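Visitor: Dumping the structure here so I can ask a few things about it.
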Amino acid sequence: MPQLRSLTECGEAYLEALKKRGSPPEAFVKGMKLYEQFKQLKKQSESLRATRNQKTVEFSKTKDKSIVDDVKKIKKNLAIKEEKLSKVESEIRKIELMLPNWIDSKVPVGKSKLENVPIKYVGVPEVVRGKEGEFENNFGKRPYTRTGRKIHHADLVEKFKMVETENAAKISGSRFYVEQNELVMLDMALSLFTMKEFSKRGFVPLVPPYMMKKEVEEKITYFTSFEESIYNLVEDGLVMITTSEHPLAALYENHIFEKEELPLRLVAFSPAFRREAGAHGKDTKGIFRTHQFHKVELHSMVPVEDQMNELEFLRETVEKVMAPLGFPYQIVKNCAGDMDNRALLQYDLEAWFPAQNNFRELHSIATVGTWISEKLNIKVRQGSEKAYVANLYATGAAIQRTLLAIMVNNYDAEKEIIHIPKPLQGLSGIKTIEKPQ
């Protein structure tokens with residue numbers, strides 16, 4: 001976690017990291033000015049305190065009443081300085097919460113997702129005839145097959161009567177929906193399948209609270225940029241969780257691990273609630289981007305020196321669980337301008353959506369280093385020393401998005417049937433879905 005105290009010695013390097021992210025430097029510059037003010041006020045307060053103590057000792061020896069007046073003046077001045085010091089400390093704390101993390105040297109330079117670097121392709125995308133040139137221009141000369149018209153994910157769930165959005169909007173507003181028919185069973189099947197698969201691979205299964213105290217949430221997320229996405233229950237001092245990653249990390253506030261207890265690997269299922277205030281005009285149809293959805297989330301805590309190995313382990317584990325679900329995908333290494341502000345290094349897994357002729361994000365996998373553990377005070381004992389742990393997260397499954405990816409890639413347009421992959425058939429009781437009459 002970048003702290004103004006430590007940044008006094010490496011400010012230029014941090015400014016360069018901000019530049020790579022495309023993050024404005026104003027908060028950092030203001031913070032450094034406040035930190036200089038803090039140092040001066042602290043020095044003045046300590047000087048006044050020392051003078052007061054000296055005068056007190058002097059009075060005990062001489063009983064000179066004029067010293068009493070001097071001490072009163074010093075106390076008054078000290079109280080003013082300490083009040084200013086407290087305000088400046090509070091401002092510094094707010095600014096430190098706004099500072100993005102450092103970035104790893106392996107992060108590609110770039111401003112947007114268009115500059116993310118693909119590192120792996122799995123499966124062969126079906127490209128709609130007539131869009132081959134667009135595909136090759138965007139994704140290069142990688143293998144693909146040609147196909148006839150493919151259905152958009154929003155049209156598919158409407159055509160197969162899997163969601164109800166019109167009446168849901170009357171109940172709750174836009175971007176809400178009612179799942180129905182086969183989609184309900186597939187939702188439950190995919191949730192259970194992924195929870196079981198990650199549990200088999202050593203992750204401890206949990207279901208967390210769906211609400212958190214706001215002051216706890218502020219320690220875990222990059223709150224200043226995420227606040228517009230959060231449902232804030234002001235009266236209760238609570239927020240609805242946007243991902244179970246946050247309560248998972250909070251479970252270990254003020255905890256000290258023994259080294260042999262790490263890595264700690266958790267998997268959680270929960271609904272996620274997001275206002276999506278910054279997503280106006282994006283994915284307005286269907287259930288790809290909504291205010292409420294189901295999510296399986298992975299979280300790891302490891303010694304800092306093990307975080308890059310753990311990041312690769314998380315990525316490989318997510319791929320192994322997704323591989324049998326029947327959709328082509330690519331792994332990209334996110335560029336500096338398209339990373340979580342907390343992340344040192346981040347990968348995204350993106351699934352192929354034929355009708356959109358594009359890969360869409362399903363999973364984010366990242367290490368945030370000690371950014372969270374410094375705020376939550378989570379450490380590991382290493383001999384006689386204690387060190388902050390590294391926190392890592394990975395989307396185990398964004399349930400609704402993953403189901404969309406499965407269905408659009410397994411839709412038979414001629415027979416108007418959706419084929420369900422084997423791992424979900426037994427859990428859902430569904431092998432194929434036919435278009436309702």
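The values are calculated or read from the model by the stated rules, or taken from the named source; none is laboratory data. It should be emphasised that the depicted structure is a prediction, and the values quoted were computed from it without experimental measurement. Reconstructed Cβ throughout: ideal geometry from the backbone, glycine too, with neighbour counts over all protein chains shown.
Visitor: Any chance the stretch 5-16 includes a residue that's of a type in the set (Phe, Trp, Tyr), closer than 21 Å to residue 105 by Cα and touching a residue at least 40 places away in the same chain (Cβ under 8 Å)? Explain how you work it out, then say what you get.
Guide: Of the stretch 5-16, the ones of a type in the set (Phe, Trp, Tyr) are 14.
Narrowing the set further to residues that are closer than 21 Å to residue 105 by Cα leaves 14.
Narrowing the set further to residues that are touching a residue at least 40 places away in the same chain (Cβ under 8 Å) leaves 14.
Looking for residues that are of a type in the set (Phe, Trp, Tyr), closer than 21 Å to residue 105 by Cα and touching a residue at least 40 places away in the same chain (Cβ under 8 Å), one finds at least one in the stretch 5-16, hence yes.
Visitor: Does the stretch 365-378 hold any residues that are surrounded by fewer than 20 Cβ atoms within 10 Å (Cβ to Cβ) and not in a loop (DSSP other than H, G, I, E, B), and which are they?
Guide: Hits for the stretch 365-378 are 374, 375.
Visitor: If residue 37 satisfies all but one of (1) under 27 Å from the mean Cα position of the chain (by Cα); (2) over 30 Å from residue 107 (Cα atoms); (3) among the polar types (S, T, N, Q), what's the number of the condition it fails?
Guide: (1)
Visitor: Quick one: which strands (runs of 3 or more DSSP E) sit completely within the stretch 242-332 and have at least 1 residues that are under 18 Å from the mean Cα position of the chain (by Cα)?
Guide: Numbers: elements: 256-258, 264-273, 292-303.
Qualifying strands (runs of 3 or more DSSP E): 264-273, 292-303.
Visitor: So, one more: Would you please name the residue that is surrounded by the most Cβ atoms within 10 Å (Cβ to Cβ), looking only at residues in the stretch 345-364 that are acidic (Asp, Glu) and within 14 Å of the chain's Cα centre (by Cα)?
Guide: Of the stretch 345-364, the ones acidic (Asp, Glu) are 348, 350, 361.
Next, only the ones that are within 14 Å of the chain's Cα centre (by Cα) stay: 348, 361.
Values: 348: 23, 361: 17.
Restricting to residues being acidic (Asp, Glu) and within 14 Å of the chain's Cα centre (by Cα), the top hit is 348.
Visitor: In the stretch 12-26, which residues are surrounded by 15 or more Cβ atoms within 10 Å (Cβ to Cβ) and either among the small types (Gly, Ala, Ser) or touching a Leu at 6+ places or on another chain (Cβ under 9 Å) (or both)?
Guide: Within the stretch 12-26, 14, 17, 18, 23 meet the criteria.
Here is a yes/no grid of residues against (1) over 21 Å from residue 155 (Cβ atoms); (2) within 16 Å of the chain's Cα centre (by Cα); (3) not β-branched (Val, Ile, Thr):
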| site | (1), (2), (3) |
| --- | --- |
| 373 | yes, yes, yes |
| 413 | no, no, yes |
| 416 | no, no, yes |
| 420 | no, no, no |
| 423 | yes, no, yes |
| 428 | yes, no, yes |
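Visitor: Right, another one. Mind checking which residues of the stretch 408-426 are buried (at least 19 other Cβ atoms within 10 Å of the Cβ) and assigned to a helix (DSSP H, G or I)? Walk me through how you get there before you give the answer.
Guide: Of all residues in the stretch 408-426, those buried (at least 19 other Cβ atoms within 10 Å of the Cβ) come to 408-409, 411, 418, 420, 423-424.
The answer is 408, 409, 423, 424.
Visitor: Just checking, how many residues over the stretch 161-171 are over 12 Å from residue 286 (Cβ atoms) and touching a residue at least 24 places away in the same chain (Cβ under 8 Å)?
Guide: Matching residues across the stretch 161-171 total 1.
Visitor: Right, another one. Inspect all residues belonging to the stretch 332-344 and state whether any of them is assigned by TED's automatic domain parsing to the domain that holds residue 195, surrounded by fewer than 23 Cβ atoms within 10 Å (Cβ to Cβ), within 22 Å of residue 251 (Cβ to Cβ) and at pLDDT 95 or above.
Guide: Looking through the stretch 332-344, none of the residues is assigned by TED's automatic domain parsing to the domain that holds residue 195, surrounded by fewer than 23 Cβ atoms within 10 Å (Cβ to Cβ), within 22 Å of residue 251 (Cβ to Cβ) and at pLDDT 95 or above.
Visitor: While we're looking at this one, here's another question. Provide a single number: the residues in the stretch 318-327 that are crowded, with 20+ Cβ neighbours inside 10 Å and out of contact with any helix residue (DSSP H, G or I) (no Cβ under 7 Å at 6 or more places or on another chain). So that I can check it myself, show each step before the final result.
Guide: Step one: list which residues in the stretch 318-327 are crowded, with 20+ Cβ neighbours inside 10 Å, which gives 318, 321-322, 325, 327.
Then keep just the ones that are out of contact with any helix residue (DSSP H, G or I) (no Cβ under 7 Å at 6 or more places or on another chain); that gives 318, 322.
Total satisfying the criteria: 2.
Visitor: Taking the stretch 193-223, which residues are polar (S, T, N, Q) and buried (at least 16 other Cβ atoms within 10 Å of the Cβ)?
Guide: To start, the set of residues in the stretch 193-223 that are polar (S, T, N, Q) comprises 194, 199, 221.
The answer is 194, 221.
Visitor: Can you name the number of the only condition in (1) in a loop (DSSP other than H, G, I, E, B); (2) over 13 Å from the mean Cα position of the chain (by Cα); (3) not aromatic (Phe, Trp, Tyr) that residue 340 fails?
Guide: Here residue 340 clears every test but (2).
Visitor: Pairs under 7 Å by beta carbon, first residue over 22 Å from residue 222 (Cα atoms) and modelled with pLDDT of 90 or more in the stretch 77-100, partner hydroxyl-bearing (Ser, Thr, Tyr) and surrounded by 15 or more Cβ atoms within 10 Å (Cβ to Cβ), six or more apart or different chains?
Guide: 78/45; 81/45; 82/45; 85/45
Visitor: Collect the residues in the stretch 260-288 that are modelled with pLDDT of 95 or more and over 21 Å from residue 362 (Cβ atoms), keeping them in residue-number order.
Guide: The answer is 260, 261, 262, 263, 264.
Visitor: Go through 68, 57, 29 for me and flag whichever is of a type in the set (A, V, I, L, M), without any contact (Cβ under 8 Å) to a residue 40 or more places away in the chain, under 30 Å from residue 367 (Cβ atoms) and surrounded by fewer than 16 Cβ atoms within 10 Å (Cβ to Cβ). Working first, answer last.
Guide: Numbers: 68 fails: under 30 Å from residue 367 (Cβ atoms); 57 fails: under 30 Å from residue 367 (Cβ atoms).
Within the list 68, 57, 29, the selection yields 29.
Visitor: Tally time: how many residues in the stretch 126-138 are over 12 Å from residue 355 (Cβ atoms), surrounded by 13 or more Cβ atoms within 10 Å (Cβ to Cβ) and in contact (Cβ under 8 Å) with a residue 60 or more places away in the chain? Let's see the steps before the verdict.
Guide: Step one: of the stretch 126-138, the residues over 12 Å from residue 355 (Cβ atoms) are 129-130, 132-138.
After this cut, where a residue has to be surrounded by 13 or more Cβ atoms within 10 Å (Cβ to Cβ) as well, the list is 132, 134-136.
Checking the rest, the ones that are also in contact (Cβ under 8 Å) with a residue 60 or more places away in the chain come to 134-135.
Count: 2.
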